[in-house]
Amino acid sequence: MGSALENFVNQVRTMSASGSFRELADDLPESVSLLARNWSILDNVLETLDVQQHTLGVLYVLLAKLHSAATANPEPVQIIQLMRDFVHRNNVEQLRFAICAFYETCHLFTDYLVQKNLSILGIKIMARAVDQIRQIDSQLTPIHADLCLLSLKAKNFNLVLTYLDGDITDISTAAAECKTQQQQQSQHTVDANNDAKYFLLFYYYGGMIYTAVKDYDRALYFFEVCITTPAMAMSHIMLEAYKKFLMVSLIVEGNIAFIPKNTQVIGRFMKPMASHYHDLVNVYANSSSEELRILILKYSEAFTRDSNMGLAKQVATSLYKRNIKRLTKTFLTLSLSDVASRVQLSGAAEAERYILNMIKSGEIYASINQKDGMVLFKDDPEKYNSPDMFLNVQTNITQVLDLVKQINKMEEEIILNPMYVKKALGSQEDDLTSQHPKTYSGDPTD
């Protein structure tokens, strides 16, 4: 081991033993380039450090290993095992002194696994990292997006859904700390301005995950948060989310879901760049499944390029279902062949398949007489007087009351926030000034 690396190890050991973690966290970024240059003997460095006692030192060795992964081409199994050991054995109190370096390590680790097509092996590791670094269960961190990306690539959603289903009430403010560290550390650049990027990616990936599991209502909410995030300019993430938002809106509501008027970025930038999708919305409104099929075929290349062809087919399916629902409001009985003709399906067999699926999912209430091929449409049998319905209503009321408490708590925190108070008082002073304009003696143009 070279003398420079020996100095690094001694510094980590000495300062960790004395509890000088802040000073150590400030000094270590300068060693990243040194560690990266000596990637071939970093395993020797790790053997001299204990993850629990020397968390900061091990973190920066991991960071250097991931930075040099393209050059060193390490065994994936080794990198995965090192990261797994680190997230299970590190000292969280030490880790918080270098939170931006930890985020960067997680981002690089995610990129490495995606590149190696080993995403499924990183899901539990990244979930552990999220649990460690977030301060409350409802806090959103930049590495939530990494967990979502790994789950998407692996097509494994069981674990990530537990993180997506909970409401977010707090967002990690690590960017401010990262910027402060950037100013102090000239040799190691931390991408400190990416909080907005990872916020958008979390909701974009989350919307894609909910779409994959066919929870369209929740998917629509996630895409809505992504596209309505206040912004001065359009992000490519927001544009892609907008395209999916339009398609999921058709599946859920049959038209474009409500969008707040203050989202100027949508009208100014997104609509012109999503013209194919607005054509889809306009044709969908005509309720003609044949016209919609022709349009999807016409723009199939664009939809495939955007990885939205599967979603476009689900939009077409939703129109068939929506047209069948319209029939239930007009007819009490109808033959399967008539249903197929009115909804523009290929035949009675396909109409029967759609109706059976809709009955099974509770979208319509009907029965099919197989002997004469007739469909009998029925009213909703729910009388809202069962014990299960009572418990359901009670659960919903409890959720609403909890939400009200959360809103009141957040409002109180905002009102007591010094920055808010200062801004509010400033606004009042401006109002008073406008009500009592200054008087000038002499010519006001002088």
Exactly one of these conditions fails for L334: (1) open to solvent by 20 Å² or more (accessible area, probe 1.4 Å); (2) hydrophobic (A, V, I, L, M, F, W, C); (3) farther than 19 Å from S361 by Cβ. Give me its number. (1)
Identify, by number, the condition in (1) surrounded by fewer than 22 Cβ atoms within 10 Å (Cβ to Cβ); (2) within 28 Å of K244 (Cα to Cα); (3) at pLDDT 95 or above; (4) not polar (S, T, N, Q) that D167 doesn't meet. (3)
Answer from R84, R37, R22, R13 - the residue that is under 30 Å from the mean Cα position of the chain (by Cα), surrounded by fewer than 22 Cβ atoms within 10 Å (Cβ to Cβ) and among the charged types (D, E, K, R): R84
Quick check on F86: is it assigned to a helix (DSSP H, G or I), of a type in the set (F, W, Y) and within 22 Å of A129 (Cα to Cα)? yes
Unique residue being among the small types (G, A, S), farther than 27 Å from Y284 by Cβ and out of contact with any Ser or Thr (no Cβ under 7 Å at 6 or more places or on another chain) when the list is S367, S346: S367
From I209, I266, I237, I227, residue being assigned by TED's automatic domain parsing to the domain that holds S151, surrounded by 19 or more Cβ atoms within 10 Å (Cβ to Cβ) and either in contact with a helix residue (DSSP H, G or I) (Cβ under 8 Å, 6 or more places away or on another chain) or at pLDDT 95 or above (or both): I209
Among the residues in region 288-302, are any in contact with a His (Cβ under 9 Å, 6 or more places away or on another chain) and among the hydrophobic types (A, V, I, L, M, F, W, C)? yes
Within region 11-24, is even one residue within 30 Å of L113 (Cβ to Cβ), at pLDDT below 95, assigned by TED's automatic domain parsing to the domain that holds E93 and among the charged types (D, E, K, R)? no
So which residues in region 296-324 are within 20 Å of D215 (Cβ to Cβ) and free of Cβ contacts under 8 Å to residues at least 12 places away in the same chain? S307, G310, T317
Please find, within region 269-296, the residue that is nearest to A340 (Cα to Cα) out of those that are small (G, A, S) and surrounded by 15 or more Cβ atoms within 10 Å (Cβ to Cβ). S289
Would you pick out the residues in region 131-164 that are of a type in the set (S, T, N, Q), open to solvent by 30 Å² or more (accessible area, probe 1.4 Å) and touching a residue at least 40 places away in the same chain (Cβ under 8 Å)? none
Are any of the residues in region 273-294 among the charged types (D, E, K, R), in contact with a Ser or Thr (Cβ under 9 Å, 6 or more places away or on another chain), part of a helix (DSSP H, G or I) and over 30 Å from Q370 (Cα atoms)? no
So, of the residues in region 19-39 that are assigned to a helix (DSSP H, G or I) and among the polar types (S, T, N, Q), which turns out to be nearest to Q53 (Cα to Cα)? S31
Test result for Q394, of a type outside the set (S, T, Y), within 38 Å of the chain's Cα centre (by Cα) and modelled with pLDDT of 90 or more: yes
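Table: residues versus (1) touching a strand residue (DSSP E or B) at 6+ places or on another chain (Cβ under 8 Å); (2) of a type in the set (A, V, I, L, M, F, W, C).
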site	(1), (2)
L113	no, yes
K124	no, no
D131	no, no
L140	yes, yes
L149	no, yes
N158	no, no
D170	yes, no
Top-ranked residue in region 170-206 [being modelled with pLDDT of 80 or more, under 25 Å from I414 (Cβ atoms) and of a type outside the set (D, E, K, R); ranked as most open to solvent (accessible area, probe 1.4 Å)]: I171
Residues being assigned to a helix (DSSP H, G or I) and either buried (at least 18 other Cβ atoms within 10 Å of the Cβ) or in contact (Cβ under 8 Å) with a residue 40 or more places away in the chain (or both) - total across region 337-369: 8
In region 240-263, residues that are outside any loop (DSSP other than H, G, I, E, B), open to solvent by 20 Å² or more (accessible area, probe 1.4 Å) and not β-branched (V, I, T) total 2
Looking only at residues that are among the aliphatic types (A, V, I, L, M) and either touching a residue at least 24 places away in the same chain (Cβ under 8 Å) or surrounded by fewer than 10 Cβ atoms within 10 Å (Cβ to Cβ) (or both) in region 370-396, which one is farthest from I324 (Cα to Cα)? M374
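The values are calculated or read from the model by the stated rules, or taken from the named source; none is laboratory data. Bear in mind that the values here come from a model prediction, so they are computed numbers and not experimental data. Backbone-built Cβ (ideal geometry, glycine too); neighbour counts: all protein chains shown. Surface accessibility is based on the protein's heavy atoms, side chains included, excluding ligands, DNA and RNA. Shrake-Rupley method; radii C 1.70, N 1.55, O 1.52, S 1.80 Å.
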